[in-house]
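**Student:** Below are the structure tokens for one structure; questions will follow.
The values are calculated or read from the model by the stated rules, or taken from the named source; none is laboratory data. Keep in mind that what you see is a predicted model, and the values were worked out from it rather than measured. Glycine gets a Cβ as well: all are built from the backbone with ideal geometry, and neighbour counts include every protein chain shown.
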Amino acid sequence: MVIELGHFALALAFAIALVQAIVPLIGAHKGWSGWMAMAEPAAMAQFLLTAFSFGVLTYAFVVSDFSLRVVVENSHTLKPMLYKVSGVWGNHEGSMLLWVLIVALYGALAAWFGGGLPPTLKARVLAVQAAIGAAFYAFILFTSNPFDRLAEAPFDGQDLNPLLQDPGLAFHPPFLYLGYVGLSICFSFAVAALIEGRVDAAWGRWVRPWTLAAWICLTVGIALGSWWAYYELGWGGFWFWDPVENASFMPWLIAAALLHSAIVVEKREALKSWTILLSIIAFGFSLVGAFITRSGIITSVHAFANDPERGVFLLMILLVFMGGALTLFSVRASAMQAKGVFGTVSRESALVFNNILLAVAALVVFVGTIWPLVAEMAFDRKLSVGAPFFNMAFTPFMVVLAILLPLGSILPWKRARLARAAGPVLPALVLAVALGALVWAMQTGHSALGPIGVALGAWLIAGSAVDLWLRAGRAGTAARLGRLTRLPRADWGKAVAHAGLGITMIGISAMLAWNQEDIRVAQIGERYDLGGYGFQLDRVQKLEGPNYISTTATMSVWRGDKQIAEMHPEKRVYPVAGMPTTEAAIDGGFLRDLYVAIGDPQQDGGWAVRTYIKPFANWIWMGAIVMALGGLLSLSDRRVRVAAGARKDRGPVLPQPAE
């Protein structure tokens, strides 16, 4: 009975979403306050119904209700409880229910915390958000029903994909969805502003916290996915430039550009059209990601489904929302006049360059991702675009961005003198160049990637520190230190996020430049050396887990005559799913990771073993955590969180279209 209630709640949420998408829009157009006011209770009801439906599906997985098709295909009675719960979103149907739950969540949050919004804008934002939800409710109910019953329930399920039975993958999808599905609210703000016909500083303040919240979640989600790929897949890498990885990375880049662009709208009332366009494109890339992962049009290890019928439905959603928004943008863009005038050298110009670099970088990733599809359709050629292309085409934009960020952060608004503004950051530049030169001198036989990455990372970190120091005023050191504690948290958040990017850049460049690798057949008791460490395969044994059989190796690690670690890489086989997985053993450290993966037994009695030394590997994810913390600091600033000044007069209204 409870399953039917969950299904009914989902259908009722769909009906409410349809009403919410229509009635408040009419009310805003006619000026009928009663019709506009119904948007708030509708948004809350829609969220509560969807949350109940999601809770019912979770209950079905927890109690192993094998009368549901989705539970049979993605669960098993022996599976640990964490993976029973994560199995809810580890499949196509459940993940789409999570998707629409997050759309409803952001709509409810906009209703709860949108007290400072003008009634007409608020009604339109909630209506557009409901329209997005309605499209995906229809997609779920008509093509991907998670509450589909089986005529005869089997005794047990087919188990979840073993690659997904991991703590990193248990939390990765929810954070990722909170990020790129959360960009739907930025899209709703943009479309509502276009319908209303006005974009001003207040609108920039309103859209910033939503963008920031989505960007923080997306940062955490991408970092968790990268971390999982690093230790779970056994190949020693952290990013494969897989199409689905790219599908989450492109919205992250555009959201970062949107954050910076919204600042210009808020502070100077410039870049209005561009900021609206970024809001549309950011969610557009999220829809592209949904299409890629669920249509089967591009092959990926991360794909949820391979169903052309579902792909056509998602393509129609993409075309309707993107086509409609861009058409509306083309009609309204000319009327969004920029008020702020700024010079070539100014903070506005720096933010424009920042936006261009991020947008073009996202375009490069997009072209590389879809080019194999284009080549096959247009030229009947099967091509593969891999890491060499992305590294060559994408990296230069990030290098230029890293060079510009510290300087752009300290430039004054409107106009500046470059020589005068650059003076305070010269010590940071000297430090960065000195560190790069030191690394260059210490390394032998390596590429310039390591020294350049260290120099850029140091430049970002030191530049962030200089930015904070300058914001503390021109008083003595003691007074400045006191003022640092009283700086707005948004200033601290910006500096911390930029420093986090610097930490990640150091980690990526060091890991790629100085990675050491050894692939061999190791005999029991044999010791071999790599990078000053000795590795010895002591024994290999069979062990049983809760729902898998493990081949576990014991390897001792030596530094000279002293044993410093014991590592236990595994090969697991999940009998129900019939799939093997690799569980790498990692001895982590601040400056390096020792990484060992065990392979298959060999005819001569030995075992295939892959051994890596990964310099600064943890700095990659440490930097991502620091970036997310910087975003949280900014979001905790009351001026950002409550959109200060939202009740101010918003200027003249553009002419409304004729009825």
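**Student:** Between Ala110, Ala127, Ala123, Ala153, which is under 19 Å from Phe189 (Cβ atoms), touching a residue at least 60 places away in the same chain (Cβ under 8 Å) and surrounded by fewer than 23 Cβ atoms within 10 Å (Cβ to Cβ)?
**Tutor:** Answer to the check: Ala110.
**Student:** Is it the case that some residue within region 166-178 is in contact (Cβ under 8 Å) with a residue 40 or more places away in the chain, at positive phi and more than 18 Å from the chain's Cα centre (by Cα)?
**Tutor:** no
**Student:** Run down Asn145, Asn161 and say which single residue is more than 19 Å from Phe291 (Cα to Cα) and in contact (Cβ under 8 Å) with a residue 12 or more places away in the chain.
**Tutor:** Asn161
**Student:** Looking only at region 149-160, decide whether some residue is within 23 Å of Ser67 (Cα to Cα), among the aromatic types (Phe, Trp, Tyr) and at pLDDT below 95.
**Tutor:** Checking region 149-160: at least one residue is within 23 Å of Ser67 (Cα to Cα), among the aromatic types (Phe, Trp, Tyr) and at pLDDT below 95.
**Student:** Out of all the residues in region 324-332, is one or more surrounded by 22 or more Cβ atoms within 10 Å (Cβ to Cβ), modelled with pLDDT of 90 or more and either of a type in the set (D, E, K, R) or not assigned by TED's automatic domain parsing to the domain that holds Gly599 (or both)?
**Tutor:** Within region 324-332, one or more residues are surrounded by 22 or more Cβ atoms within 10 Å (Cβ to Cβ), modelled with pLDDT of 90 or more and either of a type in the set (D, E, K, R) or not assigned by TED's automatic domain parsing to the domain that holds Gly599 (or both).
**Student:** So for region 344-366 (the condition being assigned to a loop (DSSP other than H, G, I, E, B), in contact with a helix residue (DSSP H, G or I) (Cβ under 6 Å, 6 or more places away or on another chain) and closer than 30 Å to Ala416 by Cα), does at least one residue qualify?
**Tutor:** yes
**Student:** When you check Val103 against the structure, is it under 25 Å from the mean Cα position of the chain (by Cα), buried (at least 21 other Cβ atoms within 10 Å of the Cβ) and without any contact (Cβ under 8 Å) to a residue 60 or more places away in the chain, yes or no?
**Tutor:** No; evaluated as a whole, the condition is false for this residue.
**Student:** Residues in region 370-388: is at least one of a type outside the set (Ser, Thr, Tyr), in a helix (DSSP H, G or I) and either on the phi > 0 side of the Ramachandran plot or at pLDDT 90 or above (or both)?
**Tutor:** no
**Student:** Quick one: is Phe171 modelled with pLDDT of 95 or more and aromatic (Phe, Trp, Tyr)?
**Tutor:** Answer is no for this residue.
**Student:** Kindly state which helices (runs of 4 or more DSSP H) lie completely within region 13-112 and contain at least 3 residues that are more than 26 Å from Gly179 (Cβ to Cβ).
**Tutor:** 33-37, 39-62, 69-74
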